[in-house]
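One structure is given here, and the rest of the page talks about it.
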Amino acid sequence: MTFDDYQAKAITTNLKNDDPVLELLQQVLGLGDEAGEVQAIFKKWVRDQGSDLHRLDTENVKKELGDILWYIAVVAHDLNIPLEDIAKQNIAKLADRKSRGTLRGSGDNR
Ligand SMILES: [Mg+2]
């Protein structure tokens, strides 16, 4: 499955808001919410599982990462951005940083 195939399928399951601004806000808030769900799994893993990698619920992490992917696909669609473009641009940015030795450090425009 390509990123664009995934995006095309993901948007068929979106309960779209009729107001485009509210639609976008709803999806961006959902994206943050799902990122928080991933963080909650890790918080409970540290708090309750002694940070033991063998006890990390990776199936649940996988599900929540999928939810993040869904929201990224939908937000991108709402902004008329093909998911494939985001993936390609991100890999190109990281490859450029690697070639210039700036993978470490901070700042969005390294
Ligand atoms: Mg979720």
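Condition test on Leu24, is it of a type outside the set (Ser, Thr, Tyr), free of Cβ contacts under 8 Å to residues at least 24 places away in the same chain and more than 13 Å from the ligand (Cβ to nearest atom)? Break it down stepwise before answering.
Values: of a type outside the set (Ser, Thr, Tyr): yes; free of Cβ contacts under 8 Å to residues at least 24 places away in the same chain: no; more than 13 Å from the ligand (Cβ to nearest atom): yes.
Considered against the rule, which asks whether it is of a type outside the set (Ser, Thr, Tyr), free of Cβ contacts under 8 Å to residues at least 24 places away in the same chain and more than 13 Å from the ligand (Cβ to nearest atom), Leu24 comes out as no.
Contact map, the range 56-71: residues that are on the phi > 0 side of the Ramachandran plot and touching a residue at least 12 places away in the same chain (Cβ under 8 Å) paired with residues that are charged (D, E, K, R) and more than 8 Å from the ligand (Cβ to nearest atom), Cβ distance under 9 Å, separation 6+ or inter-chain. No pairs are found.
Find the residue count for the range 10-21, including only residues that are part of a helix (DSSP H, G or I) and touching a residue at least 60 places away in the same chain (Cβ under 8 Å). Residues that pass the stated criteria total 2.
One line per residue, one yes/no per condition, for (1) in contact with a helix residue (DSSP H, G or I) (Cβ under 6 Å, 6 or more places away or on another chain); (2) modelled with pLDDT of 95 or more:
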site	(1), (2)
His54	no, yes
Trp70	yes, yes
Ala92	no, yes
Arg97	no, no
Gly101	no, no
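Rundown of residues vs (1) aromatic (Phe, Trp, Tyr); (2) farther than 19 Å from Ile86 by Cβ; (3) in contact with a His (Cβ under 6 Å, 6 or more places away or on another chain), yes/no style:
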{"position": "Tyr6", "(1), (2), (3)": "yes, no, no"}
{"position": "Asn14", "(1), (2), (3)": "no, no, no"}
{"position": "Asp18", "(1), (2), (3)": "no, yes, no"}
{"position": "Val21", "(1), (2), (3)": "no, yes, no"}
{"position": "Gln27", "(1), (2), (3)": "no, no, no"}
{"position": "Gly32", "(1), (2), (3)": "no, no, no"}
{"position": "Phe42", "(1), (2), (3)": "yes, yes, no"}
{"position": "Gln49", "(1), (2), (3)": "no, yes, no"}
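Screening the candidates Arg55, Arg104, Arg100, Arg110 for the property of being exposed (fewer than 14 other Cβ atoms within 10 Å of the Cβ) and touching a Phe, Trp or Tyr at 6+ places or on another chain (Cβ under 8 Å) yields one hit, Arg55.
Of all residue pairs spaced 6 or more apart or on separate chains, those with beta-carbon atoms under 8 Å, a first member in the range 34-47 that is closer than 8 Å to Glu64 by Cβ and surrounded by 12 or more Cβ atoms within 10 Å (Cβ to Cβ) and a second member that is at pLDDT 95 or above and of a type in the set (A, V, I, L, M) are Glu34/Ile68; Val38/Val61; Val38/Leu65; Val38/Ile68; Ile41/Leu56; Ile41/Val61.
Filter the range 1-21 for residues that are more than 16 Å from the ligand (Cβ to nearest atom) and either in contact with a strand residue (DSSP E or B) (Cβ under 8 Å, 6 or more places away or on another chain) or of a type in the set (Ser, Thr, Tyr) (or both) and give the result. Thr2, Tyr6, Thr12, listed by residue number. Residues in the range 48-86 that are more than 16 Å from Leu31 (Cβ to Cβ) and either part of a helix (DSSP H, G or I) or within 15 Å of the ligand (Cβ to nearest atom) (or both): 13 in all.
The values are calculated or read from the model by the stated rules, or taken from the named source; none is laboratory data. Just so you know, these numbers come straight off a predicted model, no measurement behind them. With ideal geometry, Cβ positions are generated from the backbone for all residues, glycine too; neighbour counts draw on all protein chains shown.
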